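Participant: Handing you this structure, nothing more for now.
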Amino acid sequence: MSAQITRLFAVIVVLFALLAVFTTRWTVIDASSLNNNSLNSLTLVSQLKIKRGQLLADDGTSLARSVPAGGGTWKRAYPTSSLFAQAVGYSNLTAGSAAGLELSDGNYTRGLQTGLNSIFGQLTPTRVGDDVHTTLDPKAQQAAKQALGGQAGSVVALNPRTGAVLAMYSNPSYDDNNPTSCAAPNCSLLNRATQARYAPGSTFKIVTAVAAIDSGLYTPDSVINGNSPITVSGVPLANDGGTSWGPQTLTTAMINSINTIFAQVAERVGIPTMTKYMKRFGFYSVPPLDYPPAEMRPSDVYSPTTGKLLRPGSPDEDLGRIGIGEGGVSTTPLQMAMVAAAVANGGKLMVPHFTSRVVNSDGVTVKTITPSVYSQVMSPTTAQEVTQMMTKVVEEGTGTAVQLSGISVAGKTGTASIGANGLNLTQPSFVAFAPAQDPKVAIAVTVDQSQGGFGGTVAAPIAKAVLQTLLAEGK
């Protein structure tokens, strides 16, 4: 009899052990896969019953919040609609779709789910998610929208010291309360700031100048012949208007955006060194932003003839033209804002970020985002020299339209020719930071298309409006 009881006890112990193992697997180890299973209707219902936390601007403005949807469930609402739609995104659990910060910060706003909650979630009161405080500035966002004036394009403003994203606006935008109604051409889900492919034009000369000076090959006072045209990669390259400048310093070449000088500088710097500095700035990689990776793209180099993506440092690169922002180099406004921010911050590029802190329903801060370094792009001395060159661009060169009363601004214009020859279509851009010697804001502006406009006449005034707004707030 005792032997039978022993065997029965052993069986019970084994069964209990198996129950413990599989319960642990389902509720802890495989909880995520079960929760994300499209056939798991219980997960959807439980998610809909979570009163998700808000997404908030830096002044407390609600950008996304939960509102009652009946039956003890909740849905998301977006009070600022199209103004912040590209950054904030949307979340529709019923449709299984989400984008932007609503996707990347979803774990915060829902409240992190654990195995214990999976088992007992139905027995607890309504779950309330955490509030996510962002770095976005509503006044700057509105200034960007108004300054673009309905033109297709994008504006990105960063705090160069911390990497905080102060503004990110793209036009056309959309109503994130009803994203499925979006229809071109007056509405777009594409976030141009992180996804568009733009030719940077002469704003890229900042990258070339940094590589040239920081590598020790040039100084701001180095003299190079600026005659026009010259032959680059077997093809003639001319300055704007065909002007032959003769011997000029690198600083003068920056002030007047002399193509033939910067093309020669880039060729002497060479592909390996240029590639090294581009990588330090963040080129060839998806930006390290707290934002869905699928909604960002790296800034790369493509073959101008075949359109094929070239690997970093490819011998097929037309380096002379890349050095002036042509030759197939493709950037996003976020990337060019990072370029300006690195120079502004003494050569140190900070990781860009939207999220400032996470606060739970009891008002307790459960997570704070601390600034972190992405790379040391250049020495502080190089950064200061390039800053002085960019300051002169605004004081006496192609960027005078961004001048601010009593505030020194460092900037660089860019004007890329687009479309068929003879149409006179351009893609104006401008990057800047201010105050030049104590930078608080770095900015990049790109306008998709202009009829013969220049970076200094089309994009610079947009940058000025946003800079004025942010600096007036003490940012």
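Participant: From largest to smallest, what semi-axes in whole angstrom does the chain give when each is the square root of 5 times an eigenvalue of its alpha carbon gyration tensor?
Facilitator: Listed largest to smallest, the semi-axes of the chain are 50, 25, 20 Å.
Participant: Per DSSP H run of at least 4 residues, take -39500 (n - 2.57); add these up for the chain, divide by its residues and hand me the 222 nm value, nearest 500 deg cm²/dmol.
Facilitator: Value at 222 nm, helices only, nearest 500: -9500 deg cm²/dmol.
Participant: May I ask you to give the average projected area over all directions of the convex hull of the Cα atoms of segment 45-96, in nm² rounded to one decimal? Walk me through the numbers on the way to the answer.
Facilitator: Values: hull surface 15.4 nm².
If you wrap the Cα atoms of segment 45-96 in a convex hull and average its projections, you get 3.8 nm².
Participant: Amide H of Ala64: which non-local residues (sequence gap of 5 or more, or other chain) have their own amide H closer than 5 Å, using H built in the peptide plane?
Facilitator: Close amide H contacts, sequence-distant or interchain: Leu55.
Participant: Order of 283-292, 331-340, 455-464, 138-147 by packing, highest average Cβ count within 10 Å first? Spell out each step's value before the answer.
Facilitator: Working: 283-292: 19.1, 331-340: 28.8, 455-464: 26.1, 138-147: 21.2.
Top to bottom by mean Cβ count within 10 Å: 331-340, 455-464, 138-147, 283-292.
Participant: For Lys75, what residues show an amide H to amide H distance below 5 Å, using hydrogens built from the backbone and excluding near sequence neighbours?
Facilitator: Result for Lys75 returns Val67, Ala69.
Participant: Next question. What Kirkwood hydrodynamic radius, in Å, does segment 316-361 give when the mean of 1/r is taken over all pairs of distinct Cα atoms and then inverted? Before the final figure, lay out each step's value.
Facilitator: Working: mean 1/r = 0.0752 Å⁻¹.
Evaluated over segment 316-361, this radius sits at 13.3 Å.
Participant: Sticking with this structure for a sec: Note down, for segment 304-438, the three equivalent ellipsoid semi-axes (square root of 5 times each alpha carbon gyration tensor eigenvalue), biggest first, whole angstrom.
Facilitator: Value: 32, 23, 17 Å, ordered largest first.
Participant: Moving on to the next point. Using only the alpha carbons of segment 365-404, what is the convex hull's orientation-averaged projected area in square nanometres?
Facilitator: 5.2 nm²
Participant: Can I ask one more? Determine the percent antiparallel among the DSSP beta bridges restricted to the chain, to the nearest 5. Before the final figure, lay out the partial values.
Facilitator: Details: 61 of 65 bridges.
Around 95 percent antiparallel, to the nearest 5.
Participant: Something else now. Across segment 339-354, in residue order, what do the Karplus-derived ³J(HN,Hα) couplings come to in whole Hz, using 6.51 cos²θ - 1.76 cosθ + 1.60 with θ = phi - 60° and x for Gly and Pro?
Facilitator: Taking θ as phi minus 60°, the curve returns 4, 4, 5, 5, 5, 4, 9, x, x, 9, 8, 8, 5, x, 7, 8 Hz for segment 339-354.
Participant: Using modelled backbone amide H atoms (1.01 Å from N, in-plane), which distant-in-sequence or interchain residues come within less than 5 Å of Ala164's amide H?
Facilitator: Asn159, His353
Participant: Could you state the principal axis extents of the C-alpha atoms in segment 364-465, from the largest down, to the nearest angstrom?
Facilitator: 57, 34, 27
Participant: From the phi of every residue in segment 402-411, what ³J(HN,Hα) in whole Hz does the Karplus formula 6.51 cos²θ - 1.76 cosθ + 1.60 yield, where θ is phi - 60° and glycine or proline is x?
Facilitator: 9, 4, 10, 5, x, 10, 7, 10, 9, x
Participant: Could you pull out the pairs from Lys139/Lys205; Lys412/Lys464; Lys139/Lys348; Lys51/Lys139; Lys205/Lys348; Lys51/Lys367 whose alpha carbons sit more than 24 Å apart here?
Facilitator: Working: Lys139/Lys205 31 Å; Lys412/Lys464 13 Å; Lys139/Lys348 27 Å; Lys51/Lys139 28 Å; Lys205/Lys348 18 Å; Lys51/Lys367 19 Å.
Flagged as over cut-off: Lys139/Lys205; Lys139/Lys348; Lys51/Lys139.
Participant: Could you report the chain's accessible area per residue, 1.4 Å probe, as an integer in Å²?
Facilitator: Solvent-accessible surface per residue comes out at 43 Å².
Participant: List, in order, the whole-Hz ³J(HN,Hα) value for each residue of segment 174-182 obtained from phi through the Karplus relation with A = 6.51, B = -1.76, C = 1.60 and θ = phi - 60°; use x for Gly and Pro.
Facilitator: With the stated coefficients, segment 174-182 comes to 7, 8, 6, 6, 8, x, 5, 8, 5 Hz.
Participant: Remind me, relative contact order of the chain in percent, using alpha carbon pairs under 8 angstrom and six or more residues apart? Walk me through the intermediate numbers first.
Facilitator: On the way: 1064 pairs, mean separation 73.3, N = 475.
Reported as a whole number, the value is 15 percent.
Participant: Using a 1.4 angstrom probe on heavy atoms only, work out the carbon and sulfur share of the accessible area of the chain in %.
Facilitator: Working: 11250 of 20420 Å².
The C+S portion of the solvent-accessible surface of the chain is 55 percent.
Participant: OK, next. Size of the dipole of segment 138-472 about the Cα centre, Lys and Arg at +1 and Asp and Glu at -1 on the beta carbon, nothing else charged, in debye to 20?
Facilitator: 400 debye
Participant: Roughly how many Å is it from the Cα centre of segment 170-248 to that of segment 409-475, as a whole number?
Facilitator: If we compute the Cα centre of each part, the gap is 11 Å.
Participant: Please name which of Gln403, Ala64, Thr135 has its Cα lying farthest along the dipole of the chain towards the positive end, using unit charges on Cβ (Lys, Arg +1; Asp, Glu -1) and the Cα centre as origin.
Facilitator: Ala64
The values are calculated or read from the model by the stated rules, or taken from the named source; none is laboratory data. Note that this is a predicted model, so its numbers are computed, not measured. Cβ coordinates were reconstructed from backbone atoms using ideal geometry, including for glycine residues, and neighbour counts include every protein chain displayed. Side chains are part of the model used for accessible areas, which takes the heavy atoms of the whole protein and leaves out ligands, DNA and RNA. Shrake-Rupley method; radii C 1.70, N 1.55, O 1.52, S 1.80 Å.
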